[in-house]
1. Springs between alpha-carbon atoms under 10 Å, Gaussian network over chain B: tell me which of B:R73, B:R236, B:R252 tops the mean-square fluctuations.
2. A:K292: which lysines have alpha carbons under 30 Å from its alpha carbon, excluding same-chain residues fewer than 8 sequence positions away?
3. Can you list the residues, at least 5 places off or on another chain, whose amide H is less than 5 Å from the amide H of A:L169, using H built in the peptide plane?
4. Evaluate peptide A:121-133: per residue, the Cβ atoms of other protein chains within 10 Å of its Cβ; return the mean as an integer.
5. Select from A:P339, A:P218, A:P294 the residue whose mean-square fluctuation is largest in a Gaussian network model of chain A (Cα-Cα springs shorter than 10 Å).
6. With both partners inside chain A, how many of the DSSP beta bridges are antiparallel, as a percent to the nearest 5?
7. Once you keep just the Cα pairs under 8 angstrom separated by 6 or more residues, what percentage relative contact order results for region B:244-324?
8. First check a/c for region B:84-169, with a ≥ b ≥ c the square roots of the eigenvalues of its C-alpha gyration tensor; if it is under 1.5, answer rounded, and if not, answer prolate when a/b is larger than b/c or oblate otherwise.
Amino acid sequence: MSAGDIGVSPGDSSFAEAGPELIQLLTPEGERVEHPDYAIDLSPEELRAIYRDLALVRRVDVEATALQRQGELGIWASLLGQEGAQVGAGWALEDQDMAFPTYREHGVAWCRKVDPLDVISLFRGCDNGSWDPLATKFNLYTVVIGVQCLHAVGYGMGIQRDGSDSAVLAFLGDGATSQGDVNESFVWASVFAAPVVFFCQNNQYAISEPIEKQSRIPLFQRARGFGFPGVRVDGNDVLAVLAVTRKALEAARTGQGPTFIEAYTYRMGAHTTSDDPSRYRLASEMEAWKLKDPIERVRAYLIRSGQADAAFFESIEAESDELAARIRKGTTEMPDPDPSSMFANVYAEQTPYLREQAEQFAAYRASFVASGDGAPLVGSEA
Amino acid sequence: MAPVTLGKAINMGLRKAMEDDPKVLLMGEDIGRLGGVFRVTDGLQKDFGEDRVIDTPLAESGILGTAVGLAMRGYRPVCEIQFDGFIFPAYNQIVTQVAKIHARSRGRMPMRIVVRVPFGGGIGAVEHHSESPEAYFSHTPGLKVVACSNPVDAYWMIQQAIRQDDPVLFFEPKRRYWEKADLDTTVEPEPLFESRLVRPGHDCTVLAYGPMVKTALQAAAAVEGEGRSLEVVDLRTLSPLDLGPVFESVRRTGRCVVVHEAPTNLGLGSEIAARITEECFYSLEAPVLRVGGYDTPYPPSKMEEDYLPDLDRILDAVDRSFTF
């Protein structure tokens, strides 16, 4: 059977490119356009605040990438190019909503008021994320692909049982849509009408594998087969993402069940700092996407519509420099964790055997000090 | 005090736990209207409703994954895995998520989840319905693992497991579901994570858990008249192991045989033998011997009597212990 037998082919524009279903409110050139189903009305202050978030989030990413290159972080997963999708989604969340990120949602973390250093501590190897997932309503990063979609649905089932009016935003990537857990989460969300919105950033690549290796149909069309609506939004258009996600979350909060959002975007950077995209994609593709940059179009719109002046952009630049300096200082001065802390919190109630191991470890470490050899290599500056 | 079966005792324990705490939910395949394929949850959906006794879609990873989200929201889901061999689709969620989220969140997100697993053979079933996967989970930091062997323990242990702030794998000896015992629901026994001496003796210590406890007791009774006295310990908790009473016993008897249905290679018996050797080296008259399933896939049921440890294989190991 060829691809044509099922109505799509790799050259089909609805498949390989964004296609006519793409919801857009701000063109790559920064022109405001209307959409029959999605309206948005933001004050100049709100628009400038969105621009600020986009710019600062990108600066965090640039700084973290640099810190990794300088050996200060073990690895960094860059969000470059996905700022519009993430800030749009982050802005759509209400305080009471819960978000379940992957490991790349630094932009959503920012919107949830998570300090970037609390994210960076994970990539530096100090912990698995320092923020409080319940207080921030932003779950800890989840590295196993797709498992968090089930957690999100379960959390949504809890919301239903609590009679609460909050919703859940579950993040996933294009590669994750092939995971069994993600498909099970679609079944569950549908059957229980759980208040969950699945927010899929289709950044075109799962490390090296293009979207064609994951799906023979546009991702948003899959939702219908599970029994709930799927929409495709321009992921580089922060206004469209905000409008679409806000509407989907409101539907979830009011008992109308799940929505699948495919935010069509592009990973401008590598998968992580360990990756080399030149092995699997062309520079010309990257150049084409640069013209669709999520931040430049907001900047162009703000200038063209007279909602921001040069002084505003200068102030953001200055704030951005301050933030970068704070992150750099905070990272390089971040204390190493106490090695004995690995024994903490394995259980709510520690087992006697683990306690014994922790005591043996402490005595072992202390033996170096006692014998005058200094601290053992583990945990020391050496 | 009427005698109740082990299956009914768990049913009663679940009911009590749900009455005591409105956050307790049951989730699983066929557990609602049908009452479970072993009827362990019989009548509970009728009394507690579909929101608390949830007939889930047929996907084990989905059961555990959504249980994680419910636990994050403050619920205490009790998940039924229909048969031991069907736990593996949920293995990823259990091992990479349930076991680690408390540590990952530095204690902010306790995983108050119980996973009920009917386990073991002896019921003449087809493939994947007779397995003993407890070692996989006992090997995983962050999980706690227990196995009940009799109706009284079943009633109390399920309630104690549900009250834990840690995730508990709760193994139920499915071929003993129909065993009966008198159940006094007014006197709570010892804590969950303690082993128990169930028959005193002085020649050799026999360790067992789950379905093998009854077999070990039968073995002890069989040789009593021959002048050989076996001490039997029901381990009850597999992770953490409670080996203090075992060490004390082995120091007296000098001999030990560990019994389980699971394959012998790297089974619980291997860890227990190592720990006894570390703690009781100078008291041992013989190496700790293991009696377990063979290192084969669980065989088709016409062969299972040959695969499963029975009274004779236990006594054979005891005899071998005396040849050192």
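1. B:R73
2. Within the straight-line limit of under 30 Å, A:K292 reaches these lysines: A:K113, A:K213, A:K247.
3. A:M98, A:A99, A:F100, A:V197
4. Taking the mean over all residues of the peptide, I get 2.
5. Top of the fluctuation ranking is A:P339.
6. 10 percent
7. For region B:244-324, the relative contact order is 36 percent.
8. oblate
Throughout, read-outs are computed from the coordinates displayed, never taken from laboratory work. These numbers come from a predicted model, not from an experiment. FYI the Cβ positions are ideal-geometry reconstructions off the backbone, even for glycines, and counts take in every protein chain you see.
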